[in-house]
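Engineer: This is the structure I want to talk about, given as structure tokens.
The values are calculated or read from the model by the stated rules, or taken from the named source; none is laboratory data. Keep in mind the model is a prediction, meaning the values are calculated, not measured. Here the Cβ positions follow ideal geometry from the backbone for every residue, glycine too, while neighbour counts run over all protein chains shown. In case anyone asks, the SASA skips ligands and DNA or RNA and just uses the protein heavy atoms, side chains included. Shrake-Rupley method; radii C 1.70, N 1.55, O 1.52, S 1.80 Å.
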Amino acid sequence: MPPMRRIVALGALTLGLLLPAAAALAHEEREVTLPDGSGSVPAYRQAEPDLLVCKSDRPDFDRRIENFPAALKQRNIQLYELCQQKGFRNLQEAVDKVDKPGMTIAILPGLYLEEPSRAAPTGTCAKLPARWSDWGYQILSFEQQQACPHNQNLVAILGKKDLQIEGTGAGPLDVVIDAEYRKLNAIRADRTNGIYFRNFTAQRTTFNSLYVLETDGFVIDKVLTRWNDEYGFLTFASDHGLYTDCESYGNGDGGLYPGSASNINDGRGHDVPRYAIEIRRCKSHDNALGYSGTAGDSMWVHDNEFYDNMVGATMDSLWPDHPGLPQNHAKFENNKIYNNNRDYYRYTRDGTCAKPPAERGYEKGVVCPQVGVPPGTGILVAGGNYNVFKNNRIWGHDGSAFHLFGVPAFIRGEESLAKQADTSNHNRYEGNVFGVSPTGEHRPNGRDVWWDGQGTGNCFQADTGASSPQALPVCAAAAPGVSGGSHRWVAEPVKILKLYLCSDFSAQDARLPAGCDWFGAAGLGKVEAQLALGGSLVLGLLAVLFWYRNPARPPATRQSTDATSQKPAYEAQALPMPPPETPGPGKSAPAEVTVPAAAEPAITADAAVAANPAIVADPRVTAAPDALGAADAPGAPGAVTADAADVADQGALGAGNASGAVVSDAAGGAGPAEAGGPGLVGGRRARGVGLVVGTVVGVAGLVLDVVAASVDSPLLTAVALAGVAGWLVCLGAVARRVRPVFGWFTVVLGVLTAADAFDRAVHLIPFIPLGPGWVRGLLTGVWVLWAVVVLAPRRRTGERGVVG
């Protein structure tokens, strides 16, 4: 890693170490091993079942099948009669009888509470030596799960191969496996290569309805999961998987969670030979997240619907101890992602989620979010690489259709500096349809893209609408081509601060960070608006102070006396000592007029002064050095020369005490500008008017910056920055005549501010590792301190003003 990149990464690491501990909580599991990839996706078998499961309540059974098609109804009646003779009354009993690969269990219509499995653990199972997770459950080994299968699971399928479990009803709701919030998992399939689930419902757990772990080859077909604290479907550390025609709703985290899928494409570009897990034709709605993919690697997600969640889909590298981080190679295509605007944080806020799960009202639409996310988002990628989002239709989101930001490696437990910026790279967004439903209804998103600006090789389609930033790199026709791409090591500074603040969410502590619009902050209550307001107040005050001493307010240079102090006017007003004039090429130095000592305290020049712009001040007054350390005159001690133009400039930016020096015309009425001629007067006035106009534009820009942050408008932010840039350039142009270093620094800062506006709204500036916002922000801090020093009043006799 280059030295500068190490420094930037170290800075990000230092900031990140301040992240709240709550950000480290997620799904916790034993140490797992990813499959070797030798398995395959199992096929559905239509042969007669080997084992039957049914209930004994015939009236309930008859009621459930009465509206079935005739053939299906007759089939179920036959199976029911056979099941009453040699079947099982609970699914777990049938699973325990599976003694060879390739067996099929048929579950007849009914409600399965699995009463023998519901009891709390006793004996040695109640005292297992295992670590407790932050969520309040033990992290059990596979062997401990075998010894105590119902400590956490209503139905435990452990080590069975090629098993098929199928409901025989007309739809998933005809067979219901209900944990009634007594177990973490309704069904756990652990190391069950070739497992096939079909046509039933699993519901009401304190974690997952259907959990598949360390499995090479599985299918979830026409299964419904609902009303769980965490996930509907959770598949973890698995390969050769297929979700098809499934549905999930009412879950506090993800409806579908294919976590830590086999990392088979790690190290590849966009040339992917196969995906580990396919998800197709599923519906996930009314969850915190429709799809959750921590380390969701090598996923092919297509032809699904994600709607009415807080966020339609997420994939991330946020949580430690998940194999396969950072997340990579998910492909989303041909999905419908819409209206994900639910705000379930109100149930955290009003205390509903503090009740026991059975009392929260999940069945009535309550969802208790377990994660902090921005509601109103279509797809969120937090630290993913080489993901492709193509030909999706995405509409009706209050926030962003796509949300992308980087995640430093230390968040996932990687401390190497070389890895800190290894996420949010090479993600492609192309061919998606924004803001229009399949029926042609116009339903725009609040913005099409929100991006923190970090990463390499990220690109977006050319027809992207409103976005933050407005200027985005555009995808070329073929991967990995990018037009106008960027290579930024860290995100925009304000967005980093916002993400840091918003990460302080905690479901366990019911903590909703104030100032984060994810949790209800709006207008000036948002952290970005508060930052903009604070910065604008500081710069606005400095702008007003500089304007107050501008060239449009001509310095009083006539020979006069203050009525109360009886001091000369120039002394009473603390006018600056004029700087020397350097003759230009071909010009001779103007004649000097020496004022006799007897002319104290009011010094009157003779008639020659009226035609000559330079004078020599009272020889009894010795000029002090200016703020840059330069003496006021290169000539003889005690003599100060000045041209009229520079004298005019002294009033531009404040004044010190010019005691003992004055210029006047022979009549005692004309000042130095008049003596220098009308051209000099015009120059002074032009500079003065320029600074006044620049100040007005700058202050307007500062106000607009606050408004833009309040309403989250990147275009307004860019316009605001352009206004501030204009003010800084005008101010610097005037200041450089008498304080050249400060003046040129101000001009450079103005140019950087204009570059920041250009970078945000017009085109990303290539070949720079940090956005202009970072450099501008750091230099603005230096400039503010310098400006305060420049504006500080000066009291010493003969010293110059703030810029002269």
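Engineer: Segment 714-766 to segment 55-110: how many Å between their Cα centroids?
Structural biologist: Centre-to-centre distance over Cα atoms comes out at 76 Å.
Engineer: Just tell me which lysines come within less than 20 Å, Cα to Cα, of K160; anything on the same chain fewer than 8 places away is out.
Structural biologist: K97, K100
Engineer: For A514 and T33, FRET efficiency with R0 = 35 Å and r from the beta-carbon atoms, rounded to 0.05? All intermediate terms of the calculation are to be shown ahead of the outcome.
Structural biologist: Values: r = 43 Å, r/R0 = 1.23.
With a Förster radius of 35 Å, E is 0.25.
Engineer: Going 7 Å from the Cα of R281 in the Cα-to-Cβ direction, what parts of segment 223-260 have a backbone nitrogen less than 16 Å from that spot?
Structural biologist: 223-224, 242-248
Engineer: With +1 on each Lys and Arg Cβ and -1 on each Asp and Glu Cβ, how big is the dipole of segment 102-216 about its Cα centre, in debye rounded to the nearest 20?
Structural biologist: In debye, rounded to 20, segment 102-216 gives about 240.
Engineer: OK, next. In nanometres, what is the gap between the two model label sites at V789 and I139, each 7 Å from Cα along Cα-to-Cβ?
Structural biologist: Reported label-point gap for V789 and I139 is 5.3 nm.
Engineer: Describe numerically, in nm with one decimal, the distance between label points set 7 Å from Cα along Cα→Cβ at D62 and at A354.
Structural biologist: For the pair D62/A354, the computed spacing is 5.1 nm.
Engineer: A further question on this structure: Quick one: length gained pulling R75 to L545 fully straight, 0.36 nm per residue minus the C-alpha distance?
Structural biologist: Full extension of this stretch gives 160.3 nm more.
Engineer: Separate question: At R0 = 25 Å, how high is the FRET efficiency between R443 and V762 if r is their beta carbon distance? Nearest 0.05 is fine.
Structural biologist: 0.30
Engineer: Largest first, what is the accessible-area ranking of Y500, Y211 with a 1.4 Å probe?
Structural biologist: Y500, Y211
Engineer: Can you give me the C-alpha center-to-center distance between segment 435-504 and segment 322-373, rounded to a whole angstrom?
Structural biologist: Segment 435-504 and segment 322-373 have Cα centres spaced 23 Å from each other.
Engineer: Oh, and also: So what's the net charge close to E333: Lys and Arg +1, Asp and Glu -1, counting the other residues with Cβ under 14 Å from its Cβ? It would help to have the intermediate numbers written out before the result.
Structural biologist: On the way: positive: R280, R281, K331, K336, K390, R393, R428; negative: E278, D303, E305, E430.
Neighbour charge sum, excluding E333 itself: +3.
Engineer: Quick check: residue separation of D271 and V692 times 0.36 nm, minus the Cα distance between them. What number comes out in nm?
Structural biologist: 145.7 nm
Engineer: Can you give the accessible area of S483 in Å² (nearest 10), computed on protein heavy atoms with a 1.4 Å probe?
Structural biologist: Around 70 Å² of this residue is reachable by solvent.
Engineer: What value in Å³ per residue do you get for the convex hull of the alpha-carbon atoms in segment 48-146?
Structural biologist: Hull volume over Cα atoms, normalised by residue count, gives 161 Å³.
Engineer: Principal axis extents for segment 373-498, Cα atoms only, whole Å, descending order, please.
Structural biologist: 50, 32, 21
Engineer: Now, a different point. Return the percentage of antiparallel bridges among DSSP beta bridges fully within segment 320-461, rounded to the nearest 5 %.
Structural biologist: Counting DSSP beta bridges with both partners in segment 320-461, the antiparallel share is about 5 percent.
Engineer: Now, a different point. Starting from the residue with the highest accessible area, list D36, D509, D308 in decreasing order, probe 1.4 Å.
Structural biologist: Order by accessible area, largest first: D36, D509, D308.
Engineer: Top to bottom by accessible area (1.4 Å), largest first, where do K183, K283, K86 land?
Structural biologist: So, going from the largest accessible area down, we get K86, K283, K183.
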